[in-house]
1. Does the range 118-141 hold any residues that are closer than 14 Å to residue 82 by Cβ and either part of a helix (DSSP H, G or I) or not small (Gly, Ala, Ser) (or both), and which are they?
2. Is it the case that the range 39-52 has a residue that's assigned to a loop (DSSP other than H, G, I, E, B) and hydroxyl-bearing (Ser, Thr, Tyr)?
3. Of all the residues that make up the range 83-110, how many are more than 17 Å from residue 138 (Cβ to Cβ), in contact (Cβ under 8 Å) with a residue 24 or more places away in the chain and assigned to a loop (DSSP other than H, G, I, E, B)?
4. Against the definition (outside any loop (DSSP other than H, G, I, E, B), loosely packed, with under 13 Cβ neighbours inside 10 Å and of a type in the set (A, V, I, L, M, F, W, C)), how does residue 61 come out, yes or no?
5. Select from the range 68-106 the residues that are over 22 Å from residue 25 (Cβ atoms) and in contact with a Gly (Cβ under 6 Å, 6 or more places away or on another chain) and list them in ascending order.
6. So how many residues does the range 65-82 have that are surrounded by 12 or more Cβ atoms within 10 Å (Cβ to Cβ), modelled with pLDDT under 85, part of a loop (DSSP other than H, G, I, E, B) and of a type in the set (A, V, I, L, M, F, W, C)?
7. Somewhere in the range 122-143, is a residue modelled with pLDDT under 90 and either among the β-branched types (Val, Ile, Thr) or touching a Lys or Arg at 6+ places or on another chain (Cβ under 8 Å) (or both)?
8. Since residue 138 meets every condition but one in (1) closer than 28 Å to residue 28 by Cα; (2) over 14 Å from the mean Cα position of the chain (by Cα); (3) not assigned by TED's automatic domain parsing to the domain that holds residue 23, which condition does it not meet?
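The values are calculated or read from the model by the stated rules, or taken from the named source; none is laboratory data. As the structure is a prediction and not an experimental result, all values here were calculated from the model. Every residue, glycine among them, receives a Cβ derived from its backbone with ideal geometry; neighbour counts consider all protein chains shown.
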Amino acid sequence: MSSRTLSPPAERHWYLLCWDLDRDDWRTFRVDRLSALEQTRVLFDPRPLTAEQIEEFILVARSWVRQAVEADAVMELPHDTMRAMFGQWGQGATAEDATHTRWPVGGADFRETMYGLSWIPAGVEYTTDLAEPARSELRETLERMLRALDAEMPVTSEA
């Protein structure tokens, strides 16, 4: 890996943002979790990033913690296309085959997981393995929302 920069501390954590030569992609590491550092004497070409790009990398890295409600979405979308559409939010996604991508999504509850799933682009079909009881809670909420969309608004009476 080639080193890029140490980012400013994010909630008392320092992150190392670097280019992974094996993955041909950016990676972030929490500095307090690094061990067995070695000087490889490998030279690298700097890769410019804007302050906004660095902030987004760190925001994504900070979001990668175990969530109370986790699921995978398998999308009918090639991995390269998905990564181009999702940018850094596509981290963790893996190719299932030439036309499908598996993307981990989660949150503190089914609502946050539903919000994550809502970012799958319009027209992209997908399946998810959201487990119970979050699956039933999400289904009930979505059915109620659909009924609300189809219902007529009550007429207000004017006094």
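1. Correct list: 119, 120, 121, 124, 125, 126.
2. Taking the range 39-52 and keeping what is assigned to a loop (DSSP other than H, G, I, E, B), we get 39-50.
Checking which are hydroxyl-bearing (Ser, Thr, Tyr) leaves us with 40, 50.
Within the range 39-52, one or more residues are assigned to a loop (DSSP other than H, G, I, E, B) and hydroxyl-bearing (Ser, Thr, Tyr).
3. Summing the residues that are more than 17 Å from residue 138 (Cβ to Cβ), in contact (Cβ under 8 Å) with a residue 24 or more places away in the chain and assigned to a loop (DSSP other than H, G, I, E, B) in the range 83-110 gives 3.
4. On the way: outside any loop (DSSP other than H, G, I, E, B): yes; loosely packed, with under 13 Cβ neighbours inside 10 Å: no; of a type in the set (A, V, I, L, M, F, W, C): yes.
In short, no.
5. 69, 70, listed by residue number.
6. Of the residues in that region, 1 qualify.
7. The initial filter retains those residues of the range 122-143 that are modelled with pLDDT under 90, namely none.
Checked against the condition, which is being modelled with pLDDT under 90 and either among the β-branched types (Val, Ile, Thr) or touching a Lys or Arg at 6+ places or on another chain (Cβ under 8 Å) (or both), the range 122-143 yields no hits at all.
8. (1) is the only condition that residue 138 fails.
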